[in-house]
Structures are given as structure tokens and as C-alpha cells.
1. Before we move on, is Ser47 under 22 Å from Asn82 (Cβ atoms), under 12 Å from the mean Cα position of the chain (by Cα) and loosely packed, with under 14 Cβ neighbours inside 10 Å?
2. Among the candidates Thr31, Thr24, which residue alone is of a type in the set (Ser, Thr, Tyr), part of a helix (DSSP H, G or I) and under 20 Å from Gln66 (Cα atoms)?
Amino acid sequence: MANDKEKEVKIVVNGTEHPVAKGTLTFDELTQIAFPGHPTDPNIVFSVTYDKAAQKPDHGSLLPGQEVEVKNHTVFDVTQTNRS
């Protein structure tokens with residue numbers, strides 16, 4: 001029987017480590033990790049970059065609707081800006 005810890009990896013979002021399920025994370029999931037409960041304001045825009053992912057290329061940017069395959073210590077930088 002597989003240990004639950006084997007199904008989990010630790011990622012780094014904006015400098016803070018977070019345990020997540022092994023596999024893929026979406027743009028929206030990453031914005032929720034970085035900014036829990038953020039408002040759904042059309043004037044708020046997020047940008048997501050990643051490094052050390054479990055895919056090729058292992059670094060880049062995500063757009064809304066995209067996902068990335070994660071592994072231990074995949075690093076994300078999620079920023080929030082206002083279009084005002």
C-alpha cells in the first residue's frame with residue numbers, strides 16, 4: 001500500500017513551501033495557493049512563472065487555462081497586479 005507522503009510533493013510559491021498532490025497544477029490553483037481567497041475582480045491580473053518543473057521545458061510562464069507538471073521543489077513566482 002502506497003504511503004500518502006509518496007503522493008505528495010513540496011513546491012515553493014513566492015518563497016514559501018507548500019505540500020501539494022503529485023501531478024499537475026493549473027494556473028488558477030497556483031493563484032489560489034499564492035493569494036488564498038483572492039477576489040474575482042476583472043481588474044486584477046495574475047502572472048505565473050515556474051522553474052524546475054517535471055516537464056519540458058522545465059521553466060517558463062503559465063497563462064490562464066494552462067497547467068504544469070510539478071515535482072519536489074518546483075518553484076513558482078505568482079504576482080498580482082491591478083489594471084487600473
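Each reported figure results from applying straightforward, stated rules to the coordinates on display, with no laboratory input. Everything quoted here is computed from the prediction, not taken from an experiment. Here the Cβ is made from the backbone with ideal geometry for all residues, glycine too, and neighbour counts use every protein chain on show.
1. No.
2. Thr31
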